[in-house]
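Everything on this sheet refers to the single structure shown next.
The values are calculated or read from the model by the stated rules, or taken from the named source; none is laboratory data. Small disclaimer: the values here were computed from a predicted structure and weren't measured. Cβ: placed from backbone, ideal geometry, glycine included. Neighbour counts: every protein chain shown.
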Amino acid sequence: MGQKKLQRFAEIETFPNVLIYPEGMQGKWNEHFKNNHPVTLELACGKGDYTLGLARMYKDQNFIGVDLKGNRIWRGAKTAINEALDNVAFLRTQIDKLDNYFAPGEIKDIWITFPDPFLRKSKSKKRLTHPKFLQLFQPLLATGATINLKTDSPELYAFTQEVIAASGLTLLEDIPDVYALPEVPSLLKIQTYYEGMHLADGRTIRYLRFQLPASRLDWRSIKLPSDEATVGGED
């Protein structure tokens, strides 16, 4: 590991807005933020571009970027400190451990911005919109909570459309080309570091917003047409 990364890992341990595998946080984020404002997550947040962008727009809400890579979190946390964004925090942990850190109904919304699409069929369960993850998220979400996916991957976009249809989810918005809109909504104008790179490469940016059902999801019982159509296992 390079010296710069080591320095950043050491520095984030001193940041008041970075929590590293914290204990006893379930239901207590209001104590961390010192208010009762709703909490929105950005999953696999990287440098936290969306976390920061949303926090600048909505000062009466709290935003938490979640990622395992401390070197990336450092950038977002440092920017939040420099800008005195006290409605921003970063949680360093694995996303599949979210229920260790949030109580039922504690999360207002989830943003998933340019995640790894895990294109190989054998890795599909690692996609953050796979029913396995949605089942994990479901009890943590408040009534009326939404999940937002912004991606340059046509494969992840199509996969998520399939999950929405097969799982009985409520599709609220489906935008196949964000920047082809006559007017881009302010929420979608926020750009991550990777989005800027994708746009420079001429890639299309896609967006889906949906809600989970009131009934409990059982990811093992959800049959996706793409899985059933696969012959011989891995593609």
Pairs only if they're at least six apart or on different chains, beta carbon under 8 angstrom, first in the stretch 51-79 and touching a residue at least 60 places away in the same chain (Cβ under 8 Å) and farther than 16 Å from F102 by Cβ, second among the basic types (K, R) and assigned to a loop (DSSP other than H, G, I, E, B); list them, first residue then second.
I73/K47
Those residues of the stretch 2-46 which are surrounded by 13 or more Cβ atoms within 10 Å (Cβ to Cβ), touching a helix residue (DSSP H, G or I) at 6+ places or on another chain (Cβ under 6 Å) and at negative phi amount to K5, R8, F9, I12, F15, N17, V18, V39, E42, L43, C45
Considering residues of the stretch 46-76 that are β-branched (V, I, T) and outside any strand (DSSP E or B) only, the residue modelled with the highest pLDDT:
T51
Matching option when the condition is under 30 Å from G2 (Cα atoms) and buried (at least 19 other Cβ atoms within 10 Å of the Cβ), among L98, L54, L68:
L98
Every residue from the stretch 127-177 that is surrounded by 20 or more Cβ atoms within 10 Å (Cβ to Cβ), out of contact with any Pro (no Cβ under 9 Å at 6 or more places or on another chain) and hydroxyl-bearing (S, T, Y)
T160
Lone qualifier among L91, L85 - being in contact (Cβ under 8 Å) with a residue 24 or more places away in the chain and not in a strand (DSSP E or B):
L85
Subset of the stretch 5-27 [in contact (Cβ under 8 Å) with a residue 60 or more places away in the chain and charged (D, E, K, R)]:
K5, R8, E11
